[in-house]
Amino acid sequence: MAYELPELPYDYDALEPHIDAETLRIHHDQHHRRYANDLNEVLADYPGLANHSIEALLWNLDRVPEEIYPLARFYGGGCANHQLFWKVMAPALAAADAPTGALADAIDEAFGGLDAFVEAFTDAALSVFGSGWAFLTTDEEGTLRIEATANNDNPLTDGRGALFVLDCWEHAYYLSYRHRRDEYVEAWWNVLDWATADDRYDRIPESIERFERERH
């Protein structure tokens, strides 16, 4: 099974003015496509690994042969991170602007409210040195954590599931925002779809169970 570039759930111009169409097209059709192609090349001689979902591959990364581990981690993380990044965004008028239900309660408990969470997550995204990602993650018990990772590292390799992620590599924003990552992060909140995050939070235990099954 080859890893393929997923189609976006919206048009390239659907996230404007917050994320411009040219950036989104290049980001998806060139950067993400390259990660998928490179991952397939790395795994070409390991068909047993390529038969897993990208999430299960990262969850079970400790089983990847040492000789390809660094590349599988980098390209696999690049595929999984971008895949989630596309999923958790929606056109501003369609995106749910706040969490509900269990996720809203968990954010209140962990961070003291949505405003405090947004501030903490923004700080994490701005703290990424060089290239990396900012995640909201949870474990099987529903405990939330904000994590900033370097390069393409994904929290699945540490046993935590991601609810949403923000790409902090310069290619995600440079055409519109140049060096001003703070403006990009502020704009991104307008296209984050909290409804998707709500759903992912509810399904994390089921997802982790599935990754464990694929391990055997």
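Hey, could you check region 1-55 for residues that are of a type in the set (S, T, N, Q) and touching a residue at least 24 places away in the same chain (Cβ under 8 Å) and say which is surrounded by the most Cβ atoms within 10 Å (Cβ to Cβ)?
Thr23
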A careful count of residues in region 84-117 that are without any contact (Cβ under 8 Å) to a residue 24 or more places away in the chain and either over 21 Å from Asp202 (Cα atoms) or of a type in the set (S, T, N, Q) (or both) gives 3
Restricted to region 154-168 and to residues being within 12 Å of the chain's Cα centre (by Cα) and in a loop (DSSP other than H, G, I, E, B), the residue nearest to Tyr10 (Cα to Cα) is Cys168
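Among the residues of region 80-98 satisfying the criterion of being of a type in the set (A, V, I, L, M, F, W, C) and within 9 Å of the chain's Cα centre (by Cα), which is nearest to Asn152 (Cα to Cα)?
Checking each candidate, the answer is Ala80.
Is it the case that some residue within region 61-84 is among the basic types (Lys, Arg), at pLDDT below 95 and surrounded by fewer than 19 Cβ atoms within 10 Å (Cβ to Cβ)?
First pass over region 61-84, keeping only residues among the basic types (Lys, Arg): 63, 73.
Those still in the list that are at pLDDT below 95 too: 63.
This time we only want the ones that are surrounded by fewer than 19 Cβ atoms within 10 Å (Cβ to Cβ), so: 63.
Yes, that holds for at least one residue.
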When every residue in region 169-216 that is of a type in the set (Lys, Arg) and in a helix (DSSP H, G or I) is compared, the one surrounded by the fewest Cβ atoms within 10 Å (Cβ to Cβ) is Arg213
The residue that is surrounded by the fewest Cβ atoms within 10 Å (Cβ to Cβ), considering only those in region 118-153 that are free of Cβ contacts under 8 Å to residues at least 24 places away in the same chain and either assigned to a helix (DSSP H, G or I) or among the aromatic types (Phe, Trp, Tyr) (or both), is Phe129
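The values are calculated or read from the model by the stated rules, or taken from the named source; none is laboratory data. A quick note: this is a predicted structure, and the numbers were derived from the prediction, not measured. Neighbour counts run over all protein chains shown; Cβ positions are idealised from the backbone, glycine included.
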